[in-house]
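Notes to accompany the following structure.
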Amino acid sequence: MFGPHLIIDGMRCDTRKLADRNLVEQVLNDYPDAIGMTKIGGPYMFEYQAPDPAYSGVSGLVVIAESHIAIHTFPELDYFTMDIFSCKNFDHEHAIEYIRSAFDVKEMDRMLVQRGLSFKGPHHGKLGANDELIAAANARLANGIISKEPALPDEPPTLREAAVARAQHNGNGHNADGQMIWPQYGTTPDIGTYGEQAEGARHGAQVVDLSRTSTAPVTADGVALAVVEPIQVNPTASLSGLLDKMSATGQQGRALGRALATWERLARDEQATISLAISEPVVAEGMRQTLTYAIDRHYVDVVVAQADDLFADMYEALGHSHFDGPDGMVSLAEGREQTLAFFGELLAELDTASITSTQTLWAAIGSRMGAKVPRKGILQAAAQAGVPVVTPDLATSAFAPALLAAAGSDHGLTLDPSRDATLLAKAVADRPRLGVIRLGQGSADQALMSAMGLADALGHDEPELAATISLGGPSLGVGEQAVAVVAPVEMTLPLLVTGLAQRMTGGRGRATVKQPVPALA
C-alpha cells in the first residue's frame, strides 16, 4: 500500500502497563478514533509465553480501513515496538503523544517511512492525486524527514551514532525552517522532551483513560477492595479475551476470569502437579469430550474421579447417549447393560496379578479400549497420556457386581484401598507444588487431601498447595490462590478449557508432565 508508516520503539515505560493485556487492548481499541482512523476489525489480542520469560509479552492488532496498527510488548525487558501504517496522512506527533501517555514512555526511537512511492493508483488522503503525493513525499525525503534507507544495524556503533548525528545536525533536531527532523534510524531527535522534561500536550493530544490501573487501592475495614471495570463488548474478541476482561468485573464474573488465569499459571509451572477432583456426575451432563481434551493436552496430571463418572464415560465411549430429563440426566437400560458386560469382558482379559489398585485397573482398561469403542473418552485419554486415574468409591458403584464376579473367579482380582492411597500420595508429591481443580465436592476431595497428608508419612515432602479452583462448590482453602466459581460445572468447565486451549494452543509439553506411576508388584 501507500502512505506514512510510523514505527515506535518505546523504553523506560510503566512495565505493569506493558504486561496488562486488558490495558493494551483498551489502548488499541481507542487509538484509531483518537488519530482519525476507521477501525474495522479487532483488537485481536495474543499473549505469548516464550521459553525465555524475558521475551514473553502481549501482542495486539487492529485492522483499520486505512491499513493496520500493531503492538508487541516485552514487559521484562521494559520495551515495546509498534507500527501505525495508514494510506492517509495523520498527525504523527499526536499519535506519538497518545502512546507516550498510555504507557508512560520516557524514551523512544521512532521512524517515519513513506510507503508506496511507486504506487500508481488513486490516493484518498489530503494530498489528492498521485503526482502530488510523490512530489510531496520526495520533498520530505530530501529534507531528512522521511527515511527511505534500510534499517541500520546496531553494530558497529559508529553507524548508529552517525544516524543520530545526521538527525540532530541542526540544534535540537529541527531544520532551518523549524521542522522536526526525524532520524534515519535510531534515537529520537528530541530526547529529553518526553517524560519528566516533556512540554505540555502538543497538537491537542488526548489523555488516555487509565483509571483501572491508576486508581489508588481502596480498603474497607482493613480489606483491600478490587476495582470493578465494566466490560466493553468486542465482537471479534476470543473467549480467552472475554474471560480476561471478566476478571475485572464483580462477583462470579471476576471469579471465572481469575479461575482461567490461575489454571494457566499452574499449567505453565513446570514444578506444579495439577490434580483434577471430580465429585459430581458431570460426564453425563456433556463434559466427556471437554475432560478428554484437557487430559489429552496435559492440562491435568492426576484424576481422582467418582466411579459414576467413569461408568458414564465408558457408556458414552460405547456409543450410547445421555438424555436431559425433567429430574436429571437419563441413561438407557440397554446401554447400561452393555456397559457392564463390556467392563466384565475387559476384566477377564487382564493379568490380575498386576492389578492391585484402581489406578492400575483403569490404566489397563483404558489402554484396551482404543480398538474396541467408537468414541474416545477419559479412560482412553488418560491411559495414552500417562495420567493416573484413581476412584475412591469403586466398591459401591455400578461396577461392583462385575468386580465381585472377577474377585470370585479363578483369577481372583483383589483391589487394595491402601495401595490406591499410597500411589496417589506419590503422584501428588511428585513435584513441590500442587494445584487442585475441583468439580463439585465429595469423596474425590477427601481422597486427595488424605493423599497429601500421607505423602509426609511415606517420606516424601508434602507439596505446597499452590492454588485451588473450585467449580460448582465452595472454596477449598482461603486466600488469593483459592478461587471458587459458584456456578454449575457444565457451564464453567467448557469456558475454562476453551480459554486455556486458546492460550496454550499446543497444550503442555510432554517434558513438563510426570511419567505414569508404575504398578507395584
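The values are calculated or read from the model by the stated rules, or taken from the named source; none is laboratory data. If you're wondering where the values come from, they're calculated on a predicted model, not measured in any experiment. Because the Cβ atoms are built from the backbone with ideal geometry, glycine has one as well, and the counts that use them run over all protein chains shown. Just so you know, the surface numbers come from the protein's heavy atoms only, side chains and all, with ligands and any DNA or RNA stripped out. Shrake-Rupley method; radii C 1.70, N 1.55, O 1.52, S 1.80 Å.
Okay, here's what the table says:
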quantity: Val483 accessible area, 1.4 Å probe, all protein chains in place, Å² to nearest 10; calculated: 0
quantity: Solvent-accessible surface (1.4 angstrom probe) belonging to Asp351, in square angstrom, nearest 10; calculated: 100
quantity: Largest to smallest accessible area among Phe311, Phe46, Phe74 [probe 1.4 Å]; calculated: Phe46, Phe74, Phe311
quantity: Exposure ranking of Glu316, Glu47, Glu337 by accessible area [1.4 Å probe, largest first]; calculated: Glu337, Glu47, Glu316
quantity: Å³ per residue enclosed by the Cα convex hull of region 241-354; calculated: 156
quantity: Unit Cα scatterers, Debye sum, region 451-496: log10 I(q)/I(0) for q = 0.13, 0.25, 0.28, 0.33 Å⁻¹; calculated: -0.42, -0.85, -0.93, -1.08
quantity: Top positive-direction residue, dipole computed over region 1-88 with Cβ charges, set Phe80, Ile40, Tyr55; calculated: Ile40
quantity: Amide H within-cut-off set for His68, under 5 Å, with H built and near neighbours excluded; calculated: Phe85
quantity: Gyration tensor (alpha-carbon) shape descriptor, region 344-399, a/c threshold 1.5; calculated: rounded
quantity: Point-to-point label distance, Ser450-Arg265, nm (Cα→Cβ direction, 7 Å offset); calculated: 3.1
quantity: Net charge dipole size for region 279-334 [Lys, Arg +1 and Asp, Glu -1 on Cβ; Debye, nearest 20]; calculated: 200
quantity: Where labels lie 7 Å past Cα in the beta-carbon direction, separation of Ala371 and His460 in nm; calculated: 3.3
